[in-house]
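S.K.: Before I ask anything, let me first share the structure, which is written out below as structure tokens.
The values are calculated or read from the model by the stated rules, or taken from the named source; none is laboratory data. Small disclaimer: the values here were computed from a predicted structure and weren't measured. As a convention, Cβ positions derive from the backbone with ideal geometry for all residues, glycine included, and neighbour counts pool all protein chains shown.
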Amino acid sequence: MKKVYLIVFACLLATIMMGSAFAGQEPYVAVVGEDTAIDPFYISPKLYQFTHPFTNYSPENFSARFSLIPKREVCDKVGNSHNVNYKTGKGNSGWYVWNVVLPKKLEGDLNIVVECGILKPNTDQLGPDIINWCAGETGEVIGTGFCTREPQSDLKPTALPKITAKALPGPNNAFTPFNLTAYRNPSNYIITKDPITGALVNNASLQVLDGSVATRIALKACMDKTIFVKMPKEDEINAATPAQVETELVAGDVIQVRLDIPSANTVDVFCNKHSVKIMGIGEPEVAEPFLGK
């Protein structure tokens, strides 16, 4: 009898694993280019196990305003990184754009993880270990001593980068691009909608990622900054002006992230193609990733 139960259990398990109605949920980490080919310097073994192959499709790319003079990775003291970085210096406005293909149909919220090198101004030529002496964070007020911050000074809001994030259709979907909406963190995570239009409302919990002053973020040298993004819902209206209609995202759709550096910038910013990761939980695939919903 025990053997019969085991056989029945095995059959049920196989049915669950094969049935689309029981597709389960699987973590993923996606970057520009083939996800499994990410430079090991930018990902831990724990996260690398959640990268997936067959993701280097033509919509994926990275671009920067100042891309003619590539720089070394200022976060790397010993030369393990092979990525070139592009610098936006103090007092200069600049931008970086990442287009990342989703390897999975979304089954949860998104993490947009940003990690760029930040140095005190004009110090990147002082040696490979200068990060140990001149690390910075965006918006800081620079002090008068060597690589110092003005004591007890607050961040300068107008010097902080701003984030724009959009969903773009891939080969398995058709929709008009729309801006993603982030949860403020910390917050009460209460979603508020306009009582007349039903559209999402920017409030203490939500902010549409449209590059406005309310999307400012502070980046700390070589450390991850996570923006927690609400999973788009079919036919939900966001808080953009004019309003946009969201849709459910599937494998092959593109997340576009733009980081805008203002001219009031007080530090030197260095970003590369792997400075943005898109992370979340999606529907497991049993074949090539972009075969539809």
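S.K.: Might you let me know whether the range 221-228 holds any residue that is assigned to a strand (DSSP E or B) and among the acidic types (Asp, Glu)?
M.R.: no
S.K.: Among what's in the range 152-197 and is part of a loop (DSSP other than H, G, I, E, B) and of a type in the set (A, V, I, L, M), pick the residue that is surrounded by the most Cβ atoms within 10 Å (Cβ to Cβ).
M.R.: LEU180
To keep it simple, each residue is scored yes or no on (1) under 21 Å from TRP95 (Cβ atoms); (2) free of Cβ contacts under 8 Å to residues at least 24 places away in the same chain; (3) of a type outside the set (S, T, N, Q).
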residue: THR138; (1), (2), (3): yes, no, no
residue: THR144; (1), (2), (3): no, yes, no
residue: LEU155; (1), (2), (3): yes, no, yes
residue: THR158; (1), (2), (3): yes, no, no
residue: ALA167; (1), (2), (3): yes, no, yes
residue: GLY170; (1), (2), (3): no, no, yes
residue: TYR183; (1), (2), (3): no, no, yes
residue: ILE190; (1), (2), (3): no, yes, yes
residue: LEU219; (1), (2), (3): yes, no, yes
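S.K.: Do we have any residue at all in the range 85-104 that's assigned to a loop (DSSP other than H, G, I, E, B), among the small types (Gly, Ala, Ser) and without any contact (Cβ under 8 Å) to a residue 60 or more places away in the chain?
M.R.: no
S.K.: State all residues of the range 130-147 that are surrounded by 14 or more Cβ atoms within 10 Å (Cβ to Cβ) and in a helix (DSSP H, G or I); if no residue qualifies, say none.
M.R.: Residues satisfying the conditions are ILE131, CYS134.
S.K.: Still on this structure, I have one more. Which members of the range 158-187 meet the condition of being modelled with pLDDT of 95 or more, over 28 Å from GLU60 (Cα atoms) and of a type outside the set (Ser, Thr, Tyr)?
M.R.: Result: ALA159, single match.
S.K.: To continue, here is another question. Pick from SER205, SER275: which is more than 29 Å from SER58 (Cα to Cα) and either modelled with pLDDT of 95 or more or small (Gly, Ala, Ser) (or both)?
M.R.: SER205
S.K.: Which of the residues that make up the range 90-102 are surrounded by fewer than 24 Cβ atoms within 10 Å (Cβ to Cβ) and in contact with a strand residue (DSSP E or B) (Cβ under 9 Å, 6 or more places away or on another chain)?
M.R.: Selection gives LYS90, ASN92, SER93, GLY94, TRP95, VAL97, ASN99.
S.K.: Here's something else I'd like to know. Where residues in the range 51-65 are touching a helix residue (DSSP H, G or I) at 6+ places or on another chain (Cβ under 9 Å) and buried (at least 17 other Cβ atoms within 10 Å of the Cβ), which of them is nearest to VAL97 (Cα to Cα)?
M.R.: THR55
S.K.: Hey, another quick one. Please work out if ILE281 is at pLDDT 95 or above, over 22 Å from PRO157 (Cβ atoms) and not hydroxyl-bearing (Ser, Thr, Tyr).
M.R.: Yes; evaluated as a whole, the condition is true for this residue.
S.K.: Can you say whether VAL97 is more than 17 Å from the chain's Cα centre (by Cα) and β-branched (Val, Ile, Thr), as far as the supplied structure shows?
M.R.: No: the conditions fail for VAL97.
S.K.: List the pairs whose first member sits in the range 35-59 and is of a type in the set (Asp, Glu), whose second member is surrounded by fewer than 16 Cβ atoms within 10 Å (Cβ to Cβ) and in a loop (DSSP other than H, G, I, E, B), and whose Cβ atoms are under 6 Å apart, counting only residues at least 6 apart or on separate chains?
M.R.: Listed pairs, sorted by first residue: ASP39/HIS82.
S.K.: Please pick out the residue among LYS273, LYS233 that is crowded, with 21+ Cβ neighbours inside 10 Å, among the basic types (Lys, Arg) and in a loop (DSSP other than H, G, I, E, B).
M.R.: LYS273
Condition check ((1) closer than 14 Å to ILE278 by Cα; (2) within 19 Å of the chain's Cα centre (by Cα); (3) assigned to a loop (DSSP other than H, G, I, E, B)) across all residues:
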{"residue": "PRO27", "(1), (2), (3)": "yes, yes, no"}
{"residue": "VAL32", "(1), (2), (3)": "yes, yes, yes"}
{"residue": "THR36", "(1), (2), (3)": "yes, yes, no"}
{"residue": "PHE41", "(1), (2), (3)": "no, yes, no"}
{"residue": "HIS52", "(1), (2), (3)": "yes, yes, yes"}
{"residue": "TYR57", "(1), (2), (3)": "no, yes, yes"}
{"residue": "SER63", "(1), (2), (3)": "no, yes, no"}
{"residue": "PHE66", "(1), (2), (3)": "no, no, yes"}
{"residue": "VAL74", "(1), (2), (3)": "no, no, yes"}
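S.K.: Another question, if that's okay. Please go through the range 249-270 and give me each residue that is touching a strand residue (DSSP E or B) at 6+ places or on another chain (Cβ under 7 Å), part of a loop (DSSP other than H, G, I, E, B) and within 14 Å of LEU110 (Cα to Cα), ordered by number.
M.R.: LEU249, ASP253
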